[in-house]
1. Let me check I've understood the local charge: for A:Tyr192, count other residues with C-beta under 14 angstrom from its C-beta, Lys and Arg +1, Asp and Glu -1. What total comes out?
2. Using only the alpha carbon atoms of chain A, find the Kirkwood hydrodynamic radius as the inverse mean reciprocal pair distance, in angstroms to one decimal.
3. Once both labels are modelled 7 Å past Cα along the beta-carbon direction, what's the A:Glu445-A:Tyr408 spacing in nm?
4. Out of A:Pro178, A:Pro436, A:Thr981, whose Cα points farthest toward the positive end of the dipole of chain A (charges: +1 Lys, Arg; -1 Asp, Glu; placed on Cβ)?
5. What does the charge count around A:Asp259 come to, taking other residues whose C-beta lies under 11 Å from its C-beta (Lys +1, Arg +1, Asp -1, Glu -1)?
6. Can you run phi through the Karplus equation (6.51, -1.76, 1.60; θ = phi - 60°) for region A:178-183 and list ³J(HN,Hα) in whole Hz, with x for Gly and Pro?
7. How much area per residue is accessible in region A:777-907 when the probe is 1.4 Å and only protein heavy atoms are counted (Å²)?
8. Which pairs break 31 Å Cα to Cα here: A:Lys448/A:Lys663; A:Lys226/A:Lys378; A:Lys928/A:Lys980; A:Lys947/A:Lys994?
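The values are calculated or read from the model by the stated rules, or taken from the named source; none is laboratory data. Every value quoted in this text rests on a predicted model; they were computed, and no experiment measured them. Counting neighbours? That spans all protein chains shown, and the Cβs are built from the backbone with ideal geometry, glycine included. Calculation scope for accessible area: heavy atoms of the full protein, side chains included, ligands and nucleic acids excluded. Shrake-Rupley method; radii C 1.70, N 1.55, O 1.52, S 1.80 Å.
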Amino acid sequence: MPRYDAARIEKRWQEYWEEHGTFVTPNEPPADATGKLYALDMFPYPSGSGLHVGHPEGYTATDIVSRHARMLGKRVLHCMGWDSFGLPAEQYAIETGTHPRVTTEKNISTFRRQLKSLGFSYDWSRELATTDPEYFRWTQWIFLQLWDTWYDATHEWTGPDGRQRTGKGRPIAELPIPDDVTAAGEDAVRHYQDEHRLAYQSNAPVNWCPALGTVLANEEVTADGKSERGNHPVERRALRQWMLRITAYAERLLDELEDLDWAESIKALQRNWIGKSTGAEVDFYVPRAESGKRKADFEQWEASRKESGFPATPGDDVLRVYTTRPDTLHGATYMVIAPEHPFVDRLTTPEQKEAVEAYVKQASVKSDLDRTDLAKEKTGVFTGSHAVNPVNGVEVPIWIADYVLVSYGTGAIMAVPAHDLRDWEFAVTFDLPIVPVVQPPDGHEPTKDEKPLGREIDGEMRYPFAGHGTAVNSADYDGLPTAEFKTKITADLAAAGVANAAVNYRLRDWLFSRQRYWGEPFPVWHELDDEGNPTGRVRPVDESELPVELPEMEDFKPKGTPEPPLSFAPDDWLYRTAEDGTKLRRETNSMPQWAGSCWYFLRFCDPKNTEAFIDPEIEKHWMPIDLYIGGAEHAVLHLLYSRFWNQVLFDRGHLSHAEPFRKLVNQGMILGEAELTGFAKAESGKRKAEAGDVCSDFGDYEWVSSKDVTTDGALEGADGVVTKTGEPVVSVKLDPELVEKKGESFVFVDDSSIRVDSRAHKMSKSRGNVVNPDDVVRDYGADSLRLYEMFMGPLEQTKPWSMSGVEGVYRFLGRVWRMFVDDRAEEVVLDPAVQDVDPTEAQERILHKTIKAVGDDIDKLSFNTAISRMMEFTNELGGQNPRPRAVLEPFVLLLAPFAPHLAEELWHLLGHDESLTFAPWPTYDESKLVEATIEIPVQVNGKLRAKIQVPNGADKETMQSLAEADETVAAQLAGKTVVKTIVVPGRMVNFVVKP
RNA sequence: GCCGGAGUGGCGGAAUUGGCAGACGCGCCGGAUUCAAAAUCCGGUUGGGGUAAUUCCCAGUGUGGGUUCGAGUCCCACCUUCGGCACCA
């Protein structure tokens, strides 16, 4: 019986595509192509658990778009590769003693097999893995480019789009060296350069995770101070690390976001992450002299500043703060510096020394968790020193508190308790003065945040006010609205040389080194002195010596100390003597997993190039990416990092576009099948639970899930089941709050106390609701899996899996099959109903409607509706006899991007010898879409009263008279006055009447 | 708290962007086919009411207002929910 046999068909066509190299894209594409499409999937980390049903969701979407584009005659680049460096392979290796390379290769081949079984039209000849030395050779090369680049913030240039821009990455050799640095000698120059490179070393405190044995980026640490991977505790520790100066590109990354065709939500996420704020930096003079001379010192300082202007780096006698509210300067009644601020020691007076030291120590051991969790209680300690408020010469105390972060702004703030909630809390705790300088607008009530902080002062309830208003207690500025005041005072203070307009970003530099074995080695040597100690000078590995491969090692376990595994590599890898006789030691940190994924899309264009990471001509040919689809979990990190690398490579002239991803779409997460869970009462006979039902305790009710319930609604292993409304599948949940306890028994208060919980949850091993794509392919075929994942709902939406939904699309494919194939025949032959006859007008119309709808929907990535249109077509044509070939053939082509295997099989059956991959996409004829007469609604006072047939293209008058002639309408209008008639041609008629 | 989404039948979701709410699929009900089943096919399925019957009536897109001849769609306020950030001065 020639039933729809997905397994046979799919095997056949996958073999055909492989043999014929159907999807291999030459680098010299046909000249007659009508445009190009680069459709990219976020390449997977080949984990040990294999493909997840979430992967094929985005992959199917790009595959449909790619296959559609090929049929439209475009040249298409569509590739797959592996983000194969990373922690899990290394941890598995440590546990089992298998080399990570072995595990990785095994996992890759599983992924490859699974992906191939789904019939994606990837050009497998371009497959790449980030762990391949021929690949990471260029990752290392790009790192050297970063090392060789500084950011010239003042450089003006015009982008490819003709827009003027400021700021560009330039070769380090072009960095202007100040004369005093040149005079100080070669080492000073080198040091100066190192301070400007985009890749630099730093000793700043980092997130050290002892359990993972590595340092983590801020982005890899959760809010409660745990590692994102594994949820292990993370502590702060000062270590020498490589950093990438992504902050230099903050403005560029923010600015270029505007023109990209990305979902607003993702743009918002990135904007949020970059976190731009504008305000001013203000210098507060810190007098050192004994009282008496202090005022004179301040005045002298003020005068000198007026002359010199606002310096780039403040001196020792100045505390520089950043504020977004310079208009509240008159209300600054104290200052706060972070416990890690470099001035802590200098500002601490002998009397306060003990208290300060204790506080700073305590703050240093506090994890981020403690710091945020104790947010309710503000803590701090007085330094003993004061600073002078530049607007009024008032001396204010300087405190140390951990609510000020050393890593943001200048690590110091001016505190305006009247207008900042945190400062208010602190001032209240330590009894510091509160001076209001902003008058709230009339009728302002304290907000939800402000209200709870209210406090009685001098017999009156007072609240902080963080909003905008009018200036008071601000000398000459009184009466100015906040916004105006900000601009004015910033200008005035800038003229006085004590402040400057400033911008700050939440974004931090990217911690780029890890203490792992399974990552790209840094292409860097450290110079050693005669004793073998590092001199602090580094030398790049010569390009000709790339790649720096990983040494073969027996033991790459982390030692629980920050010494990276590579520092235990064999000496011949680790050490070398340079031609000039200098002893060198390799950098033993490795790059983070993000490195390889920052540029893989470039390599796909030119994967075999041994001369360059990409050929400039080929790059121009394929980039930018027209469609990039992947999970929202990469909305910030991966996408920001790769944009950053791409910007730098663009600035250095290696790329033709600054932004790699023209259009980005995040597929929604696929949740596990919605489970009905709850308490079921096991008793004989099925019946409804009712109000008043009694149970002796919740033990009478068993926790069940839909898996325990058979299709007819009986609970397996029990005699019956309590149902909500008599529906067969069901279990109920008791909401303890709605169940009354009477003695030892519980009584259902009312029907609402019986709840069915049918939530869908994330797929997870522990929940046991993970769907394995292999199983689905085995039972229903790849086409069904592809079609189902596209039919579930909008691509970007989170949606639950449903096995019966898979069966639904499988049934649809069966109907398609039987539309062509006589399933009662002995062999696979065309159904006799498929004939070379002229289609009827109605058949032509549905065909052309379907062609239009499917094409438009693919362009909109609205695959669920495209599929529903094809179902409508099948519902209409399936039962007809004869079924004209001229209508069925184009339909096969429409189906091809979605269910390519079945489509190829039917195409073949219709007598075509070649694959339909490059068959022209059907076109529709606008004139075939119109019907002779159409049905339109007639409303009276906006209510639908009748439907009438009108000739297509009827004018207003005709439509109105036809509507008036309708019996029902006439009855509705009888005895009433028509005030107005609205006629929308081809749409509707509406009579507005008065009684 | 701030930023960004989303609320439509029993369920997943449609709705030419202001013009017939519920396309398509799932589930369910009824029927055909069958010795029976599987598979397949046909009909019904928002709720309520009415009729011998129909192209019948009423209500209805989270809640409350508003704009409009007309609102799921636009405006205002609110509720719920999901995601991200969270002492960022």
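1. Values: positive: A:Arg190, A:Arg197, A:Arg537; negative: A:Glu174, A:Asp179, A:Asp180, A:Glu186, A:Asp187, A:Asp194, A:Glu195.
That sum, taken over residues with Cβ under 14 Å, equals -4.
2. Working: mean 1/r = 0.0290 Å⁻¹.
Kirkwood hydrodynamic radius for chain A: 34.4 Å.
3. Each label point lies 7 Å from its Cα, and together they span 2.9 nm.
4. Positive-end residue among those listed: A:Thr981.
5. Values: positive: A:Arg163, A:Lys267, A:Arg662; negative: A:Asp161, A:Asp255, A:Glu256, A:Glu258, A:Asp261, A:Glu659.
Cβ neighbours under 11 Å give a net charge of -3.
6. For region A:178-183, the Karplus-derived couplings read x, 4, 5, 6, 4, 5 Hz, x marking Gly and Pro.
7. Numbers: 4980 Å² over 131 residues.
Accessible surface, normalised per residue, equals 38 Å².
8. On the way: A:Lys448/A:Lys663 39 Å; A:Lys226/A:Lys378 23 Å; A:Lys928/A:Lys980 35 Å; A:Lys947/A:Lys994 22 Å.
Long pairs (Cα-Cα over 31 Å): A:Lys448/A:Lys663; A:Lys928/A:Lys980.
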